[in-house]
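Heads up: the structure comes next, in structure tokens.
The values are calculated or read from the model by the stated rules, or taken from the named source; none is laboratory data. Every value quoted in this text rests on a predicted model; they were computed, and no experiment measured them. Quick reminder, even Gly has a Cβ in these numbers, built from the backbone with ideal geometry, and neighbours come from all protein chains shown. Note: accessible area is taken over every heavy atom of the protein model, side chains too, but ligands, DNA and RNA are not part of it. Shrake-Rupley method; radii C 1.70, N 1.55, O 1.52, S 1.80 Å.
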Amino acid sequence: MTDLLFEIGTEEIPAGYLSPALKQMETLFEEHAKKHHLGLHALYSTGTPRRLALFVKGLPQRQESIMEESLGPAASIAFDKAGNPTRAGLGFAKSQGIEVNALRITKTPKGEYCLAIRKIEGRETLHLLPEILAEIIKNISFPKSMKWKGNKVFFARPIRSLLALFADRVIPFEMNGIITDKFILGHPFLSGKRTEVSHADWDLYKQLLNQEKVVVDINERRETLRTKITQLMTPYGAALDDEKLLDEVTNLVEYPHAIACDFDEEFLDIPGDVIETAMKEHQRYFPIKKRDGSLFNKFIAVLNRDENNAQTSIHGNERVLRARLSDARFFWKEDRKIPLEKRLDDLKNLAFLEKLGNYRDRTDRIVHLSEYLSHLLIALKQLPIEADAVAKRAALLCKADLLTQMVGEFPSLQGIMGREYAEWDGEEPAVALAIAEHYMPRFAADTVPTSKVGAVVGLADKFDTICSCFAVHLIPTGSQDPYSLRRHAYGIIRIIEECGFTLKIQDVLSKAFSLLPVFQKKPGCNHYQTEQDKQVHDIMAFFRDRLFQINVERGHRYDLVNAVLNAGTGYNDIHDFFQRLQALSRVSKESWWPDLVTVAERTFNIGKKAKSSGFVEERLFTDPEERTLWDIYKGNETAIRNQVIEKRYEEACRTYYEVFAQPVHRFFDKVYVNVDDESVRNNRLLMVRTINELYSEKIADLSQMEMSSGKHNESACAG
């Protein structure tokens, strides 16, 4: 077995490109190895901004030989009646590279056919690798690629060197004028040397680079930076709290080092979020925070250097941040001269989406939708009466900060600056807080709004965004979701779940669509109503997919999630959906759970055969068992329905099981359902379906549950 070492040396690759590219290198090599029948023991990848490296341990010297079978023409065509080969037979044998007498005859469903079996000798691995490695380079994809030297190769940045070793032999190939060799380049400023790697050895490769001031291992660089940053923060009682930024700066350097810097205390009169954003987004600095979350006038910068001339680097980084903060202070001062309310008319000059007006129109929709949601929740006593006015005011002002210079410079501060300017304008604290929170959750791990008013405005904003995009057919497809509609749906689901709001999603969607200009041209026109109904249906399906994915990722069984989604009551009330799912997740661990599923399955499988709806007629009962079962239903229906109404779903499950488990099986064992008398037959089917729907309509449809013991065999009497 032999090892492979491959390095693509480049100009500096953006930090966010590095990890995905390395994963692709591993995947692409594994795919090609499988295609060429090459086994391997292990595969590693790592990189820096200036190199992508792949190490493969335990490749064979030669690929496996394989026996290849090819089906040819029918035997009657390949050979004449005397058994002599025809032109078709000779041609097939020649195309397979074998003698005609080596052809075999095999029986197939279509008759006897010629079969050619030939042995394909394995080639030396060294001769296969040039093609494999060249294909890897060509097929690594990046968010943006560059083209150069005749546009033959696209890559994130120009390739400057190629190291390719199989044991101690160079794997010969050329890519756009770059010829493979056994040399690596050290740190461009701290070394600049070109070093020979004698053979494919992972530890040797890392050691040689380390000597030339390159820490090639990503994990080692990250932990080195973590240690250095922590050491610099500890004297201030601070701690590293941004792993995402740490990952980014790890992929910006080859020789990690960190320095502590200062900025003028006078800049602390700027909102802390502004200072922190200027540090992180523009310069990739780490702010040093006090225990209460406020900032020291200090920060940490990461260098691609050693300790030499650290003071020069400190002064340079301090000068850069001073310029950033000076701009921010100017924006902070100038923006406060115009109250948010006076910016509303200017939102007309800010376009939203084609056919959907401007941001002033969008603001009006959010106001109307916030009022609609507030009234619903106030009526349910899930929101105080005074919240209505606060929500309307927050909704009116929530997009005004988009016109400020600060948000223009730092787009990620939208909402946050709205809060700061609202407080400066003298708005109620609840209004200011809601303006900041209505964007939450901004990402998967973000929290939902802490205030219910912020949650209401956030729901209105997200519902409007989703309905607007669906209305003009900007719908997510595959991995493409340019307007982050999946994130907005996820935000709606989490807000409703964590705030415990009782909302009928379909009604909210209909209200949101009714506010869109594309559905207001001819309110009485059936065409617009039909299109609106279709869009609502599509969005409900979109939410269904989100609910399924979210809960499967949380660890719920997929069939259990589907059972709750497929209940008659569905998922229109998302909070109720979560209550039912959590209850069933607990019930599914009970010893009597399989019997509950069996009852639901049997009643569903038989009851679905009922040909009409209607009511069970007791006058059609002919067997005592059917009257007994119906009396049990009547005696317990109200109790079970009350348990469902009061959201006591676990109790309802247990009651349903205890009441029906034995009587249902006894009924099926003793009563023949499919009698010749149609009225009696359908009456029995209706009774069975009614018993099933008492559970499946309001809790979950258990008919599709996948139980380890398999499906229950139906009694012959039921058939």
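Evaluate the following for A444: is it small (G, A, S), open to solvent by 10 Å² or more (accessible area, probe 1.4 Å) and part of a loop (DSSP other than H, G, I, E, B)? Talk me through it step by step, then tell me what you get.
Working: small (G, A, S): yes; open to solvent by 10 Å² or more (accessible area, probe 1.4 Å): yes; part of a loop (DSSP other than H, G, I, E, B): yes.
Yes; evaluated as a whole, the condition is true for this residue.
The sole residue among Y571, Y633 that is of a type in the set (S, T, Y), under 30 Å from H473 (Cβ atoms) and in contact with a helix residue (DSSP H, G or I) (Cβ under 9 Å, 6 or more places away or on another chain) is Y571. Out of all the residues in the range 693-715, which are at pLDDT 90 or above and more than 11 Å from T598 (Cα to Cα)? Across the range 693-715, the qualifying residues are E693, L694, Y695, S696, E697, K698, I699, A700, D701. In the set (1) of a type outside the set (S, T, Y); (2) part of a helix (DSSP H, G or I); (3) open to solvent by 10 Å² or more (accessible area, probe 1.4 Å), the condition left unmet by D401 is number (3).
Could you list, in sequence order, the residues of the range 405-441 that are under 27 Å from the mean Cα position of the chain (by Cα) and assigned to a loop (DSSP other than H, G, I, E, B)? Across the range 405-441, the qualifying residues are F410, Q414, G415, H438, Y439, M440, P441. Note on the range 23-37: among residues that are at pLDDT below 90 and surrounded by 12 or more Cβ atoms within 10 Å (Cβ to Cβ), the one that is nearest to S65 (Cα to Cα) is H37. Residues in the range 84-105 that are surrounded by 14 or more Cβ atoms within 10 Å (Cβ to Cβ) and assigned to a strand (DSSP E or B): P85 alone.
For the residues V431, V407, the requirement of being out of contact with any Asp or Glu (no Cβ under 6 Å at 6 or more places or on another chain), among the aliphatic types (A, V, I, L, M) and modelled with pLDDT of 95 or more singles out V431. I'd like to know if the range 183-203 contains one or more residues that are in contact (Cβ under 8 Å) with a residue 40 or more places away in the chain, touching a Ser or Thr at 6+ places or on another chain (Cβ under 8 Å) and part of a loop (DSSP other than H, G, I, E, B). Among the residues of the range 183-203, at least one is in contact (Cβ under 8 Å) with a residue 40 or more places away in the chain, touching a Ser or Thr at 6+ places or on another chain (Cβ under 8 Å) and part of a loop (DSSP other than H, G, I, E, B), which makes the answer yes.
Is at least one residue of the range 532-552 in contact with a helix residue (DSSP H, G or I) (Cβ under 7 Å, 6 or more places away or on another chain), in a loop (DSSP other than H, G, I, E, B) and open to solvent by 30 Å² or more (accessible area, probe 1.4 Å)? Give the derivation first.
From the range 532-552, those in contact with a helix residue (DSSP H, G or I) (Cβ under 7 Å, 6 or more places away or on another chain) are 532, 535-536, 538-540, 542-544, 546-548, 550-552; that's our starting set.
Narrowing the set further to residues that are in a loop (DSSP other than H, G, I, E, B) leaves none.
Checking the range 532-552: not a single residue is in contact with a helix residue (DSSP H, G or I) (Cβ under 7 Å, 6 or more places away or on another chain), in a loop (DSSP other than H, G, I, E, B) and open to solvent by 30 Å² or more (accessible area, probe 1.4 Å).
Just one of (1) assigned to a helix (DSSP H, G or I); (2) touching a residue at least 24 places away in the same chain (Cβ under 8 Å); (3) open to solvent by 70 Å² or more (accessible area, probe 1.4 Å) fails for F615. It is (1).
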